[in-house]
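Enquirer: Submitted below is the structure of interest, expressed as structure tokens.
Only the coordinates and a few stated rules stand behind these numbers; no lab work does. What you see is a predicted model, and the numbers here were worked out from it, not measured in a lab. Because the Cβ atoms are built from the backbone with ideal geometry, glycine has one as well, and the counts that use them run over all protein chains shown.
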Amino acid sequence: MSLKIDRRVIALLSESPMSMRELAEKIGLNEKQIYRVLTSLHKSKRIIHARDEDGVRRYKTA
């Protein structure tokens, strides 16, 4: 994925934790594309994730 999308995801997650679906809607990509971005950012330890009280996985900046 492009560096521009990575930066956009980081910017959104620095504002508030979001689910993969929320990120996909905000950025205008499908969930599969966002999944790849999130996986890359998670592996590089730039983001973390946790499940909220509803069981939804939310991502936020590390």
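Enquirer: In nm, to one decimal, how far is the modelled label at S2 from the one at T61, with both set 7 Å along Cα→Cβ?
Expert: Label at S2, label at T61, 2.1 nm between them.
Enquirer: Still on this structure, please answer the following. Could you work out [θ]222 nm for the chain from helices alone, using -39500 (n - 2.57) per DSSP H run of at least four and dividing by all its residues? Round to the nearest 500 deg cm²/dmol.
Expert: -16500 deg cm²/dmol
Enquirer: The list [x] 11.9; [y] 12.5; [z] 11.3 gives values of Kirkwood radius over Cα pairs in Å, and only one came from this structure; which label was calculated from it?
Expert: Step by step, Kirkwood radius over Cα pairs in Å for this structure corresponds to label [z].
Enquirer: Relative to the longest principal Cα axis of the chain, at what angle does helix 3-15 sit, 0 to 90 degrees, rounded to 10?
Expert: For helix 3-15, the angle is close to 30 degrees.
Enquirer: If you don't mind, another one. Please give the length that would be gained between H49 and E25 if that part of the chain were fully extended, namely 0.36 nm times their separation in residues minus their C-alpha to C-alpha distance (nm, one decimal). Kindly include the intermediate steps, with their values, before the conclusion.
Expert: On the way: separation 24, 0.36 × 24 = 8.64 nm, distance 1.83 nm.
Length gained between H49 and E25: 6.8 nm.
Enquirer: Size of the dipole of the stretch 3-61 about the Cα centre, Lys and Arg at +1 and Asp and Glu at -1 on the beta carbon, nothing else charged, in debye to 20?
Expert: So the magnitude is around 380 debye.
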